[in-house]
Structure formats: C-alpha cells, structure tokens
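Quick notes on the structure that follows.
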Amino acid sequence: MPDTENGYFDDILSSGLSAYAGVKSSTATSIPDSISHLVREERMSTLRAWRIHLEISVRELSSSSGISVPAIELLDRGELSLCLWMAIRIAAALQVVSVQSILATECLVSCRTYNDKE
C-alpha cells in the first residue's frame, strides 16, 4: 500500500508534475496542467478532462473511436472504468494523446478515489 503520509499521492496529483503509469516502461508521462486541474480540483473523469482539453464532443469521439455514445457518456460521467482496449481506441481517435498519457490520468483518478475513501 502506498504511503500517504509522505506525500506520495500529493506528488502524483500536483499540477504540473509527471505522473507514472506502469505501461511496459517506467518513464514519466507528462499530463498537461489543465488535465491535472480538471481531474484533481474539478473532480472530472479522465475522459471528460481530455475531451474538454482537446475540445472534442462525445459524438465526435464516438465516431472516431468506434466506441458507442452511451459507453462514452458512462466513461465521461465516471460511471464506467476506463479499460486498456478503450484507452487504446480513444488515444488513436484523439491522435495527439498517447495511451500512456490517458492511463497516467486514470491513475490520478484512482489515487483521488483512494484518498476520498480514507
């Protein structure tokens, strides 16, 4: 279990810091400050934060990713967890976002949720 007393979660969730995702490498994946703010302060889901940052609608993302509008809406509201295959399709549809960036953002959401439960 990560140690919250030593600021582990604060470091990951801090705006402007790199978040780490265990995706076949240990390199840092940078998350834009606006995404970090939306996830941490505005309590948004990973998908909604990236959509707002990139100014893309639910329907546009659905059309380009092949994921249904209802599934995108559930992800957007945080009612459905982002899985790897969806992250891959979304990253491919957004074209400017790597799978690692999306998964790193999802780690922010997971850490935030973990802290909320304590």
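Taken together, the values in this text are just the output of simple stated rules run on the coordinates, not laboratory data. Being a predicted model, the structure only gives us computed values, none of them experimental. When we count neighbours, we look across all protein chains shown, and the Cβ atoms used for this are built from the backbone with ideal geometry, even at glycine.
Approximating the spin labels as points 7 Å out from Cα along Cα→Cβ, the ARG77-to-VAL58 distance works out to 0.8 nm. The simple spin-label model puts a point 7 Å past each Cα toward its Cβ; for VAL69 and ALA92 those points are separated by 2.3 nm.
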